[in-house]
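Chemist: Quick one: the structure is below, questions incoming.
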Amino acid sequence: MSSLENLLGVTREKLRTWMDEAVEIDNYVESIVGGRSLWQLSRDKRPYLYAVVKAISPKLAVETGVGSGVSTTFILSALQEGELHSIDMGVRYGGEGEERVGFVVPENLRGKWHLHLGRSSEVLVPLLKQLEEIQFFLHDGEHSYQNVIFELSTAWNFMERGAIIIDNYNFTDAPRDFAKKAGVQLIQLSSTDGGLSLILKDRGPPATST
Ligand SMILES: C[S@@+](CC[C@H](N)C(=O)[O-])C[C@H]1O[C@@H](n2cnc3c(N)ncnc32)[C@H](O)[C@@H]1O
């Protein structure tokens, strides 16, 4: 299988730099989360999320499943000029009943962040119709077969070129079935904790370097 740098069309050095930057963001995130288990994206997966968003450099990114805001913080940190729209049902996180969805997201990143409260089955289609075209999508909300197929198919239809990342992709056959039907490769980024996978759409020939 091709290496991640080849798939993303970047140099190995660039990928290494991004992985190193992700460690710094992780230090910040862990200083807020403080070792609690909040169903956040596992630590080994975070550098991959950051590197893929860096490589794609989306103008518009969408995620489902904000939770405490770990994945949100990594996506926002990787965005250059783009914006992130996040969907979550809006339950409070942290166990003490005081911490809101996305409480980990630092103030200085919130200017390019839009939080939409509701179920993805109700919010995703109207949001994507409004955005018209996205370049990045992260699924980390409800992992049921039906919902994953719905989210991946919907995001795919509003993407010309870009990337989709699926957390806990091993929970059902939905990611594999979707990739098979779409005729694309489901690329495993991590195998731990339900796994993390990547689907690329029409990336074209690798860029010389970025
Ligand atoms: C595993 S947590 C997300 C963790 C987050 N990505 C992170 O790294 O911190 C799952 C989140 O998905 C939300 N969720 C579950 N089902 C949903 C649905 N059908 N629509 C929207 N959000 C949903 C929950 O409220 C919860 O906050």
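Chemist: Which net charge results when you count Lys and Arg as +1 and Asp and Glu as -1 among the other residues whose beta-carbon is under 14 Å from that of residue 42? Present the calculation step by step, with values, prior to reporting the outcome.
Modeler: Working: positive: 36, 43, 45, 46; negative: 26, 30, 44, 140, 167, 193.
In short, -2.
Chemist: Helix hunt in the chain: which complete DSSP H runs extend at least 15 Å axially by C-alpha with mean Kyte-Doolittle at least 0.0?
Modeler: Those that clear 15 Å and a mean of 0.0 are 46-56, 120-131.
Chemist: Connecting C-alpha atoms closer than 10 Å in a GNM of the chain, tell me which of 34, 194, 67 has the biggest fluctuation.
Modeler: So, out of 34, 194, 67, the one fluctuating most is 34.
Chemist: Right, another one. Can you put 136, 103, 158 in order, fewest other beta carbons within 10 Å first?
Modeler: 103, 158, 136
Chemist: Among 101, 91, rank each residue by its count of other Cβ atoms within 10 Å, from fewest to most, as a rough exposure measure.
Modeler: With the sparsest Cβ surroundings first, the list reads 91, 101.
Chemist: Quick one: which of 104-116, 46-58 comes out on top by average Cβ neighbours within 10 Å, and what's the full order, highest first?
Modeler: Working: 104-116: 15.1, 46-58: 23.4.
Highest-to-lowest ranking by the protection proxy: 46-58, 104-116.
Chemist: Taking springs between alpha-carbon atoms closer than 10 angstrom, which of 22, 163, 182 fluctuates most in the Gaussian network model of the chain?
Modeler: Most flexible of the set in this elastic network: 182.
Chemist: Starting with the fewest neighbours, write out 17, 72, 192, 154 ranked by other beta-carbon atoms found within 10 Å of each beta-carbon.
Modeler: 192, 17, 154, 72
Chemist: Also, I was wondering about something else. Scan the range 1-88 for GluC sites (Glu not before Pro) in coil per DSSP, keeping those whose Cβ has at most 15 other Cβ atoms within 10 Å, and list them by number.
Modeler: Filter output for the range 1-88: 81.
Every number in this text was worked out from the coordinates using simple rules, so none of it is lab data. These figures come from a predicted structure and were not determined experimentally. With ideal geometry, Cβ positions are generated from the backbone for all residues, glycine too; neighbour counts draw on all protein chains shown.
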